[in-house]
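Rule-based calculations on the coordinates, nothing more; no lab input. These figures come from a predicted structure and were not determined experimentally. Positions of Cβ are backbone-derived with ideal geometry, glycine not excepted, and every protein chain shown enters the neighbour counts.
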Amino acid sequence: MKVCLITGEYPPMQGGVGDYTHELGKALAALGIVVSVITSAKARMQGARSTMQDTGNVHRASCIVHPVIERWDWGCWRRVISIARDVKADILHIQYQAAAYGMHPAINFLPLRLRLTPDRPRTVVTFHDLKVPYLFPKAGRIRWWVVLALARWSDAVIVTNKEDLSKLSSYPLTPNPYLVPIGSNIAPQPPADYDRDAWRTRWGVGPEETLLSYFGFLNESKGGETLIRALGRLVREGHPVRLLMVGGQVGDSDPTNVVYLERVRALIEELGLTDRVSWTGYTPQAEVSANLLASDLCVLPYRDGASFRRGSFMAALAHGLPIVTTEPRTQGREPRLVDGENVALVPPDDPAALAGAIARLMAAPHLRRRLGEGARALARFFSWDRIARQTLQLYQELVSP
């Protein structure tokens, strides 16, 4: 089978959907699928096309990457259809996050355009974020209709979390949406010479200090201001605590992240916390892993509740970190987030509750160990091999006679 993945962002661009596409492509290729990727020209590394190869103990996986789309407007259709025809794709799989496509609706109507093409590939769309205020804050019902058009004209729809499944299930889609989770884009693999104490010293962490970590881009939904206000409370109460902001700060797709980052930085300065907060910036994955493993607690105070759609959350689980996060809005039967077993849960937008939960965990090493073990166990539900096999099963259903 030949599969063509479409994504508005792809490494070396910074973005969770790009990283997801890269990991999914590798995992599908390891199952014997021929994988091509069509993405933005900004992802070009050398030349017009690059081959990324990863060699494991059993499989040799290869994704052919086409970083050729200058603008995701109506003109991109011709290039996408041409490449899909050249590689003889059986499946065209769109990874959808509106900001990655410049908020232009062309990608939404691509499945409809393909229905006019003889011997067309079957189209699948994975929705990575269906939160309308984030996608199109000013366009209201028209923009939601555009999102639904992508779902209706695709041959199959994938969602990554229970919240989005519930939202789309209220519409008459055929077939019904499939739930396929995301995995961690960051494997728990620090550099070969990793030494935790030395790594903590690198960030100025003393032997008696607690290092908190935050991972992911900053935007309105992530609770960055709540985190900084909670840190301020802990410092005022005399707790020896520092905060490490891990990874890139704003990414390559959403320009509103830059404005929010400035608000967070201004709040840090206003509360006198500049010497308590360190920023790693964008680093190779091994260093991201090392920074996460160097921390004592990972704090992810999402304003819309913890969700398995969050790549940063999945990475914290995979690293077996004790996590303080916010109460999820919805949950399925399993896997579930359980307060005190695999996470510590607090209400959103509540710096006092967040600071209190952090302080309790700082004083309870046994509870931190329990949460870390629970997080690691939870992460086993989200292996890339498992995700690729679920996705492949859907592909096979679409192309079978």
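Per-residue ellipticity at 222 nm from helix content only, as computed over the chain with -39500 (n - 2.57) for each DSSP H run of at least four residues, stands at -12000 deg cm²/dmol. Relative to the longest principal axis of the C-alpha atoms of the chain, give the angle of the C-alpha long axis of helix 140-153, reported between 0 and 90° and rounded to the nearest 10°. Roughly 60 degrees between the two axes.
Which entries of K2/K42; K88/K167; K42/K222; K162/K222; K42/K88 show an alpha-carbon separation above 30 angstrom in the structure shown? Cα-Cα > 30 Å for K88/K167; rest within. Take every DSSP beta bridge whose two residues both sit in the chain; close to 15 percent of them are antiparallel. Mind checking which of A98, A306, A352 has the largest fluctuation in a GNM of the chain, springs on alpha carbons under 10 Å? Comparing A98, A306, A352 in a Gaussian network model of the chain, the most mobile one is A352. The angle between the Cα long axis of helix 351-362 and the longest principal axis of the Cα atoms of the chain comes to about 70 degrees, rounded to the nearest 10. For the chain, the longest principal axis of the Cα atoms and the long axis of helix 285-294 meet at an angle of about 30 degrees. Let me make sure I get this right: for the range 196-382, a, b and c are the square roots of the gyration tensor eigenvalues over alpha carbons, sorted descending. Under 1.5 in a/c it's rounded, otherwise prolate if a/b > b/c, else oblate. Which is it? In terms of gyration-tensor shape, rounded. Put in order of Cβ neighbour count within 10 Å, fewest first, the listed residues Y260, Y194 become Y194, Y260.
In plain terms, the residue of E208, E287, E262, E327 with the fewest other Cβ atoms within 10 Å comes first and the most crowded comes last, giving E208, E262, E327, E287.
Residues S169, S278, S289, ranked from the fewest to the most other C-beta atoms within 10 Å, line up as S169, S278, S289. Across the chain, the mean sequence separation of Cα contacts (distance under 8 Å, 6 or more residues apart), normalised by length, yields a relative contact order of 15 percent. A straight line joining the Cα centroids of the range 295-327 and the range 139-200 runs 16 Å. Straight-line reach from K26: taking Cα to Cα under 14 Å and skipping same-chain neighbours fewer than 8 places apart, the aspartates and glutamates in range are D54, D385.
By DSSP, the beta bridges lying fully in the range 196-382 are antiparallel in about 5 percent of cases.
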